[in-house]
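Chemist: Mind having a look at this structure? Questions to follow.
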Amino acid sequence: MPLGDPLEEAARRVHSGEVAAFQAIVDGTSARLVRLAARMLGNLTDAEDVVQEAYVKAYRFLAEGRFDGKASVHTWLYRIVANTSVDALRSRSRRPVPTDVLPDVALDGAASAEAHVALAELSDWLEALPAGERAAVVLKAVEGLSSAEVATILGCSEGAVEQRLVRARATLRRRSSGDD
Amino acid sequence: MTDDRDLEQRLARLTRETEPLGPRPGFSARVMQAVAQEPPGFTTQVFTIGRRLVPAAAVVLAATVLWAVRMDDAFDQALAMSYALEVEW
């Protein structure tokens with residue numbers, strides 16, 4: 001674990017029993033993680049729930065010394081949130097949520113109205129995709145990860161990721177032309 | 001059919017426009033509350049219980065040593081008396 005990084009230092013303190021040190025990890029990572037989950041799930045409320053669940057998992061790992069430090073704390077948390085979001089998407093596809101509650105556009109001052117409208121548009125556009133394809137599109141095309149990184153997060157091969165992207169693009173093209 | 005360029009442009013626009021999204025006020029406090037309510041893991045529980053048992057274990061150890069020393073003395077005295085009786089006899 002490299003010394004000097006405030007997140008790594010906070011992780012070390014959490015491991016030695018200092019619960020309050022976890023605050024530094026939350027403050028240093030929550031913006032990016034909530035944005036990732038919101039893009040995956042399409043609304044801020046579900047995104048915050050998923051990120052909170054991921055933080056609790058991460059805390060448990062750190063407190064019990066099960067974080068091996070192979071990746072940085074930020075990358076490790078990013079993977080946990082991505083995986084938890086994919087799980088939430090899959091369980092949502094088994095138990096569909098009524099469409100009128102999907103786009104959470106309630107303004108709260110934390111983000112601009114434009115961002116909420118864009119999130120609702122993204123969610124509506126990706127709604128037709130199965131969970132695996134939606135996750136691949138968000139992670140690769142929106143979050144800018146490499147195919148290898150997406151494959152690691154989704155637990156499949158790079159070829160499977162590319163296949164999902166091809167299928168997703170075809171569906172999205174059809175949907176976009178339908179919108180026009 | 002919309003071409004790939006339109007698709008990429010739309011994704012790029014939505015990526016840019018969703019960039020300001022973040023947690024709502026109070027999120028951090030909510031997470032810390034959830035973390036504080038988290039029951040300690042097995043390893044932590046073992047260490048906590050272990051730490052609590054240290055003073056009791058120290059008292060038991062001291063009492064055992066004292067008892068062993070006394071028993072040893074009593075045994076030595078009994079043995080000495082039996083030798084003395086044997087010699088007298």
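The values are calculated or read from the model by the stated rules, or taken from the named source; none is laboratory data. Every value quoted in this text rests on a predicted model; they were computed, and no experiment measured them. We place every Cβ from the backbone using ideal geometry, glycine too, and count neighbours over all the protein chains shown. Keep in mind that these areas ignore ligands, DNA and RNA; they rest on the heavy atoms of the full protein, side chains included. Shrake-Rupley method; radii C 1.70, N 1.55, O 1.52, S 1.80 Å.
Chemist: For a protection proxy built on the mean count of beta-carbon atoms within 10 angstrom, sort A:25-32, B:32-39 highest first, please.
Modeler: Packing proxy ranking, top to bottom: A:25-32, B:32-39.
Chemist: A further question follows. Against the empirical 2.2 N^0.38 Å scaling, what ratio does the C-alpha Rg of chain B come to?
Modeler: Compactness ratio reported: 3.10.
Chemist: If you don't mind, there's one more thing I want to ask. Which order do A:E143, A:E8 take when ranked by solvent-accessible area (1.4 Å probe, heavy atoms of all protein chains), largest first?
Modeler: Ranked list, largest accessible area first: A:E143, A:E8.
Chemist: Further question on the same structure: For the range A:134-180, build the charge dipole from Cβ charges (+1 Lys, Arg; -1 Asp, Glu) around the Cα centre, then report which of A:L172, A:S157, A:V137 sits farthest towards its positive end.
Modeler: Working it through, the farthest residue towards the positive pole turns out to be A:L172.
Chemist: In peptide B:28-37, how many Cβ atoms from other protein chains are near each Cβ within 10 Å, on average?
Modeler: On the way: counts 5, 2, 5, 14, 8, 1, 5, 14, 4, 1.
That works out to 6 on average.
Chemist: Measure off 7 Å from each Cα along the Cα-to-Cβ vector at A:S157 and B:Q37, then give the distance between these two points in nanometres to one decimal.
Modeler: 4.5
Chemist: Now a separate question. Between the helical axis of A:6-15 and the dominant principal axis of chain A, each derived from Cα atoms, what acute angle in degrees is found, rounded to the nearest 10?
Modeler: Between helix and principal axis, roughly 70 degrees.
Chemist: Also, quick follow-up: How well do other chains shield peptide A:27-38, expressed as the mean number of their Cβ atoms within 10 Å of each residue Cβ?
Modeler: 3
Chemist: Let me ask you something else. For helix A:44-63, what angle does its Cα long axis make with the longest principal axis of chain A, in degrees from 0 to 90 and rounded to 10?
Modeler: 30
Chemist: Can you give the mean number of other chain Cβ atoms that lie within 10 Å of the Cβ atoms in peptide A:136-145?
Modeler: 2
Chemist: What FRET efficiency comes out for the pair B:M81/A:V19, r = Cβ-Cβ distance, R0 = 45 Å, nearest 0.05?
Modeler: 0.10
Chemist: Can you figure out the FRET efficiency of A:R66 with A:V117, using R₀ = 35 Å and their beta-carbon distance, to the nearest 0.05? Each step should come with its number before you reach the end.
Modeler: Details: r = 41 Å, r/R0 = 1.16.
Efficiency for this residue pair is about 0.30.
Chemist: In addition: Do the sum for the protein assembly as shown: with -39,500 (n - 2.57) for every DSSP H run of n ≥ 4, divided by all residues, what is the mean residue ellipticity at 222 nm, to the nearest 500 deg cm²/dmol?
Modeler: -24500 deg cm²/dmol
Chemist: Using only the Cα atoms of chain A, each taken as one equal point scatterer with no solvent, compute I(q) by the Debye sum, divide by I(0), and report log10 of the ratio at q = 0.12 Å⁻¹.
Modeler: -0.61
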